1. Give me the percent of the accessible area of the chain that comes from carbon and sulfur atoms, probe 1.4 Å, all protein chains in place.
2. Under 8 Å for C-alpha pairs, at least 6 residues apart: give me the relative contact order for region 138-226, rounded to a whole percent.
3. Go through region 176-184 residue by residue and turn each phi into a ³J(HN,Hα) via Karplus (6.51, -1.76, 1.60, θ = phi - 60°); whole Hz please, and just put x for glycine and proline.
4. Once you keep just the Cα pairs under 8 angstrom separated by 6 or more residues, what percentage relative contact order results for the chain?
5. Taking the square root of 5 times each eigenvalue of the Cα gyration tensor, what semi-axes in Å does the equivalent ellipsoid of region 58-138 have, largest first?
6. What whole-number value in cubic angstrom gives the convex hull volume per residue for the C-alpha atoms of region 202-306?
7. At 10 °C and 1.306 mPa s, what whole-number value in µm²/s does Stokes-Einstein give for the translational diffusion of region 220-376, with Rh from the Kirkwood sum over Cα pairs?
8. Using modelled amide H (1.01 Å from N, peptide plane; none on Pro or chain starts), what sits under 5 Å from the amide H of Ser47, excluding residues fewer than 5 places away?
Amino acid sequence: MLVAGLPAAPPPSGWAAASNASLAADEGGSVTILSASGATGFRREGSRRVGDYPFSVAAADLNGDGRTDLVTANADAKTLSILWGARGGAFRSERTIAVGRGPSGVVARDLDGDGRVDLAVADSGDNEVVVLDGLGSGRFRVAARYAVGSHPTALLAGDWNGDGVPDLAVADTGGSSVSVLFGRAGGGFRPAADVPVGQRPDALTAADFDRDGTLDLACSDFGSGTVSVLLGSGGGALQPARTVHLGGQPDAVVAADLNGDGVADLVAADFAGDRVKILLGRGDGAFVAGAVLPTASGPDGLIATDVNGDGITDLAAADYGSGSLTLFLGAGKGTFTRLAPVAAGALPTALVAWHAGSSPGVRLAVAGAGRSGDGP
């Protein structure tokens, strides 16, 4: 991920494809819509321009019309771009919102319990998390700014203290820490609590790794070749990080039960090694090495979801170096079948998935650092 003030490193990428699914690929200053039918076939439906260098993309119904919309955090443009969902799965009329000096991560969720989707943004230029209240009909206003660690990038919402109120976690790429903002009932957040992790954390995921009923957190540490696991205590704090050594340059991490044993596992993308590594959960917060799956060049975005509707979790890696997507179809019990990489747009950088209507498959959106023009 390219972050101002830090040595150059590959941006976060993303994306996967699916049978009977659609993929929206953000190509730098644009969002390209792709549809997939079958295990390997995709077709390009068109593209929409967004701001320069979208680092993150989220999907939600932002204007209450029952359709999924997309929002990207555009670090170089210092904006958010909103693409409104339209009939037939298309997207229309970008709206731009200026946010900070380096918006790098975005979350779309009802954060204050009023029934409307809000936005939270990790602003790496100002070392803040910016919260925008949803006002209905797709309108937003900046409600608050919260100081966090150095160069915040990835952002994640969850409930880490078990009070039923959404919290926010942010990876402080320049500070080797994770900042957690615990939510207040009725809206707003407490001051950030920082937890040290490995060097250059740049991706976050959450699950109950030790089966104690409390949500836990994990981050990929690009600079130290590790994954840091932070177990929730249930009392409003995260325990000190446990370090899982991977080697290479882990640039993304996702959690899912990959072998059907009821325990959350981890998958990390190794950008330098052109592979993804599976870590099988033991159920006590510890992990053991699992399979290593080869990708195309420079994977730095990941997704774990059932892309083809067969009830088995699949994996997809966005290959920043080759502008492609490598799909691994789950075969059960933690095994996967690798399909040939498919084109995913120039320099893919981030991803999100959502279910579309009654289809058993999912739709996907990919953010990238390349550019394509508007139109089909």
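The values are calculated or read from the model by the stated rules, or taken from the named source; none is laboratory data. Because the structure is a prediction, the values reported are computed rather than measured. Here Cβ is always computed from backbone atoms with ideal geometry, including for glycine, and neighbour counts include all displayed protein chains. Calculation scope for accessible area: heavy atoms of the full protein, side chains included, ligands and nucleic acids excluded. Shrake-Rupley method; radii C 1.70, N 1.55, O 1.52, S 1.80 Å.
1. Roughly 48 percent, rounded to a whole number.
2. Reported relative contact order: 24 percent.
3. 6, 8, 10, 9, 10, 10, 7, x, 9
4. 20 percent
5. 21, 15, 8
6. Convex hull of Cα atoms, per residue: 92 Å³.
7. Details: Rh = 16.3 Å.
The diffusion coefficient I find is 97 µm²/s.
8. Amide H to amide H, under 5 Å and 5 or more residues apart or across chains, Ser47 pairs with Ile33, Gly375.
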